[in-house]
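Participant: Next up is a structure, given as structure tokens.
The values are calculated or read from the model by the stated rules, or taken from the named source; none is laboratory data. Model, not experiment: these values are computed from the prediction. All Cβ positions, glycine included, derive from the backbone under ideal geometry; neighbour counts span all protein chains shown. Side chains are part of the model used for accessible areas, which takes the heavy atoms of the whole protein and leaves out ligands, DNA and RNA. Shrake-Rupley method; radii C 1.70, N 1.55, O 1.52, S 1.80 Å.
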Amino acid sequence: MVRTVAPPPDQRPRHVMLANAARARLLGRDPDSGALRELDEFVNPGSRLRASALDGERPGRGSTGSRRTACEPHTPAAQHERQRFAQLLAGHLEALALAHRLSPWALAASSPFLGALRAALGPHAAALLVQQAERDLTPLTLHALQPRLCQLLPPGPAPARGG
């Protein structure tokens, strides 16, 4: 779903993160030419591994001394890997926000990963998030993305930032 409330012109996104559990791309407009360009790319190698390769422990029972206790319900290794990747991306976005290198931004991510990434965002990156869409655009080329991102990333000069 796309957020229905349009941000004010000075809060329109200048960056967009395209993400799924396997790959993420941070895009922005070139300040001189206005052309869309890829600023950062992230690949999650763990997303391509089989669950048996990711999960080093088997579900079962744990023991403490002579007592046996039931373990917490097993969380699939793929879910752990998705959360780890979301935390890595959120940490990068938070660092950019703290360094004043992230302007208002939009997020387009696959359905399960959108929630994981939103939950992992730090306060500074979350405050700059102005639009989100539940769709996976990571496999598209910059040329194919251009018309789809026209509304999210308007061409033209970047808004002036105070600071």
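Participant: Add +1 for every Lys or Arg and -1 for every Asp or Glu among the other residues with Cβ under 15 Å from the Cβ of P147, and state the total. It would help to have the intermediate numbers written out before the result.
Facilitator: Numbers: positive: R29, R135, R148; negative: none.
Surrounding charge for P147 is +3.
Participant: A further question follows. Enumerate the amide H contacts of L137 below 5 Å, restricted to partners 5 or more residues apart or on another chain; note that Pro and chain-start residues carry no placed amide H.
Facilitator: Counting only residues 5 or more places away or on other chains, the set is A19.
Participant: Considering only the other residues whose Cβ falls under 10 Å of the Cβ of L36, what net charge follows from Lys and Arg at +1 and Asp and Glu at -1? If you can, show how the numbers build up before the last one.
Facilitator: Details: positive: R29, R37; negative: D30, E38.
That works out to 0.
Participant: Of the heavy-atom accessible surface of the stretch 74-143 (probe 1.4 angstrom), what whole percent is carbon and sulfur?
Facilitator: On the way: 1860 of 3330 Å².
The C+S portion of the solvent-accessible surface of the stretch 74-143 is 56 percent.
Participant: So, counting K/R as plus one and D/E as minus one, what does the shell of residues with Cβ under 14 Å around A119 add up to?
Facilitator: Details: positive: R82, R84, R118; negative: E94.
That sum, taken over residues with Cβ under 14 Å, equals +2.
Participant: Ignoring ligands, DNA and RNA, what accessible area per residue does the stretch 83-155 give at 1.4 Å, in Å²?
Facilitator: Numbers: 3470 Å² over 73 residues.
The answer is 48 Å² per residue.
Participant: Here's something else I'd like to know. Ordering D136, D30 by accessible area with a probe of 1.4 Å, largest first, what comes out? Kindly include the intermediate steps, with their values, before the conclusion.
Facilitator: On the way: D136 65, D30 35 Å².
So, going from the largest accessible area down, we get D136, D30.
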